[in-house]
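One structure is given below, encoded as C-alpha cells.
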Amino acid sequence: MSSTYSPLRWGILGAGSIANQFCGDVQPLPDHEINAVGSRDADKGNAFADKHAIASRHTTYEALVADKSVDAIYVATPHNFHKEHCLLALRAGKHVLCEKPFTVNAKEAEEVIVEARGRKLFLMEAMWSRFFPGWAKVRELIAAGEIGRVRMVEVDFGFKGGTTGDDGKLSGVNPDARLYNPNLAGGALMDVGCYPVSLAQMLFGTPDSVAALGTIGHTGVDENVGMLLHYPGGELAITSTSLQVNTAQSATILGTEGKIEVRAPWWCPRHVVLVRQGPGQIPEPFEFPFEGRGFQFEAMHVAECLRAGKTESDVLSLDDSLTVMKSLDALRDKLGVKYPME
C-alpha cells in the first residue's frame with residue numbers, strides 16, 4: 001500500500017446512483033485513481049466499471065476490500081449496510097469514506113468508530129456539504145465575528161417523492177424503494193433530514209434537548225417532519241425535512257450582529273450572502289462556482305488528511321458524526337420510528 005497516497009487509490013463498494021456521481025466527480029482529479037469496484041450484481045458492476053474506466057471488477061465485497069491496488073474504500077450501499085461494510089473494509093486494513101447517514105443509529109456508529117480508532121485507520125462520514133468552498137467561507141465569516149454570536153439557524157431539506165393520500169397509502173413510487181422501506185432505514189429524516197441536523201452540529205455542537213413532530217406514512221417511515229434542537233448555550237436550530245413537498249432548501253444563520261444566507265441548494269452552495277446588521281449596511285455576496293456535483297471536495301479532503309498522517313478529519317470528526325447519530329436517534333424516538341433491524 002502506498003505510504004504517500006499520491007495518487008490516492010479508491011475502491012468503490014456499491015455501484016448505485018450515489019457511487020456514479022462520486023466517480024464522475026473524482027475520476028478527473030489528477031491525484032486520485034478509482035482502481036476497483038465491488039458489486040454483487042456482475043452485470044451492474046461491469047457496466048459501472050466500463051462507464052468509469054475502472055480496471056478491477058469484483059463480485060464480492062470481500063474481494064474488493066482485499067484488492068492490493070486500493071488504499072481507501074468509498075462505501076456507497078444503503079444505510080442499513082453501512083456498519084457491516086465499514087467494518088469489512090476496516091478489518092481488511094483499508095481507510096474508509098462512508099456515505100451519510102453514517103450508520104442506522106449511534107450504537108452502530110460507536111462500533112465502527114472503535115474499530116477504526118483501534119486499527120489507526122482513517123474513517124469519515126461522507127457528509128459532502130461540509131467540504132464545499134462555500135461552507136468553508138461560512139466558517140471563516142463566523143470565526144471572524146462578522147455576524148457576532150451565532151444564536152440560531154433556520155434550515156430545511158425536503159423534496160416531493162410519492163404522494164400519500166387521505167387513506168394513508170403511498171402512490172407514485174415503489175413502497176419497497178429505499179426512501180420508504182423501513183428495512184433499508186428509509187424516511188425523510190435519515191435520507192435528507194440528516195443534512196440540517198449535521199449543519200446544526202457544525203454550528204453548535206451537541207444539543208441538550210430535541211423535539212420533533214411529523215407524519216408517518218403507510219410504510220412506517222417518516223415523510224414530513226418539523227424539528228427543533230436546543231443547545232447548552234441557548235442556541236436553536238429550527239429545521240424541517242420532507243418526502244412529500246419541495247421545501248425552500250435554503251439555510252439562514254443568525255447572529256447578534258447580522259446573518260449569513262446560504263442560497264438553495266444550501267448543502268452544495270454556489271451563493272453565500274453576508275448581511276451585517278445596522279443602517280447603511282449593504283449585503284455582501286460571495287460566489288463559489290464549481291464543476292460537477294461537488295463530490296470531489298470530500299475526496300480531496302480525505303487525500304489531504306491521509307497525506308498528513310491523520311486518522312480523522314478536523315472538519316468532520318468521528319465525534320461530530322456520533323453526535324449527529326445520537327440526535328437522529330432522539331428525533332426518531334420522538335416520532336416513534338424504529339427500524340426492524342434495531
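Taking amide H positions as placed 1.01 Å from N in the peptide plane, with prolines and chain starts having none, which residues 5 or more places from Leu236, or on another chain, fall under 5 Å of its amide H?
Met152, Val153
Tell me the GluC sites (Glu not before Pro) within the range 285-329 that lie in a loop according to DSSP and have at most 16 other beta-carbon atoms within 10 Å. Walk me through the numbers on the way to the answer.
Numbers: sites: Glu287, Glu291, Glu298, Glu304, Glu312; in loops: Glu291, Glu312.
Answer by residue number: Glu291.
Mind telling me which of Gly14, Gly45, Gly309 comes out most flexible in a GNM of the chain, alpha-carbon contacts under 10 Å?
With Cα springs under 10 Å in the chain, the top fluctuation among Gly14, Gly45, Gly309 is at Gly309.
Would you compute, for the Cα atoms of the range 49-150, the largest minus smallest coordinate along each principal axis and list the three values in descending order, in whole Å?
Result for the range 49-150: principal-axis Cα extents of 53, 35, 24 Å.
Which loop chymotrypsin sites (Phe, Trp or Tyr not before Pro) in the range 285-342, with loop taken from DSSP, have no more than 11 other Cβ atoms within 10 angstrom of their Cβ?
Within the range 285-342, no chymotrypsin sites (Phe, Trp or Tyr not before Pro) qualify (loop, at most 11 other Cβ atoms within 10 Å).
Share of the chain's accessible area from carbon and sulfur, percent, 1.4 Å?
For the chain, the apolar C and S fraction of the accessible surface comes to 51 percent.
Per q in 0.23 1/Å, what log10 I(q)/I(0) does a Debye calculation on the alpha-carbon atoms of the range 144-239 return?
Summing over Cα pairs of the range 144-239 leads to -1.12.
Would you be so kind as to identify which of Thr241, Ala212, Pro289 lies farthest towards the positive end of the dipole of the chain, taking Lys and Arg as +1 and Asp and Glu as -1 on Cβ and the Cα centre as origin?
Pro289
Can you tell me the accessible area per residue over the chain, all protein chains present, probe 1.4 angstrom, in square angstrom?
So the chain comes to 41 Å² accessible per residue, rounded to a whole number.
Choose one of His79, Thr60, Ala36: the residue whose Cα lies farthest towards the positive end of the charge dipole of the range 1-119 (beta-carbon charges +1 Lys, Arg; -1 Asp, Glu; about the Cα centre).
Thr60
Which residues make up the longest stretch of the chain that has no trypsin sites (Lys or Arg not before Pro) in a DSSP loop with at most 15 other Cβ atoms within 10 Å?
170-292
Kindly give the semi-axes, whole Å and largest first, of the ellipsoid equivalent to the range 189-327, taking each as the square root of 5 times a Cα gyration tensor eigenvalue.
On the way: eigenvalues 122, 107, 64 Å².
Equivalent ellipsoid of the range 189-327: 25, 23, 18 Å, largest first.
Lysine pairs in the range 1-144 8 or more apart or on different chains: how many have alpha carbons under 25 angstrom apart?
Close lysine pairs under the 25 Å cut-off: 19.
Below 8 Å, C-alpha to C-alpha, sequence gap of six or more: please give me the relative contact order for the range 164-234 in percent. Provide the component values of the computation, followed by the final result.
Numbers: 88 pairs, mean separation 23.1, N = 71.
Relative CO of the range 164-234 lands at 33 percent.
Say a paramagnetic label sat at a point 7 Å from the Cα of Arg276, along Cα to Cβ; which residues of the range 231-255 have their backbone N under 19 Å from it?
Answer for the range 231-255: 253-255.
Considering all projection directions equally, how large on average is the shadow of the alpha-carbon convex hull of the range 87-212, in square nanometres?
Computing the convex hull of the Cα atoms and averaging its projections yields 11.0 nm².
The values are calculated or read from the model by the stated rules, or taken from the named source; none is laboratory data. Because the structure is a prediction, the values reported are computed rather than measured. Cβ coordinates were reconstructed from backbone atoms using ideal geometry, including for glycine residues, and neighbour counts include every protein chain displayed. Only protein heavy atoms, including side chains, enter the accessible area calculation; ligands, DNA and RNA are left aside. Shrake-Rupley method; radii C 1.70, N 1.55, O 1.52, S 1.80 Å.
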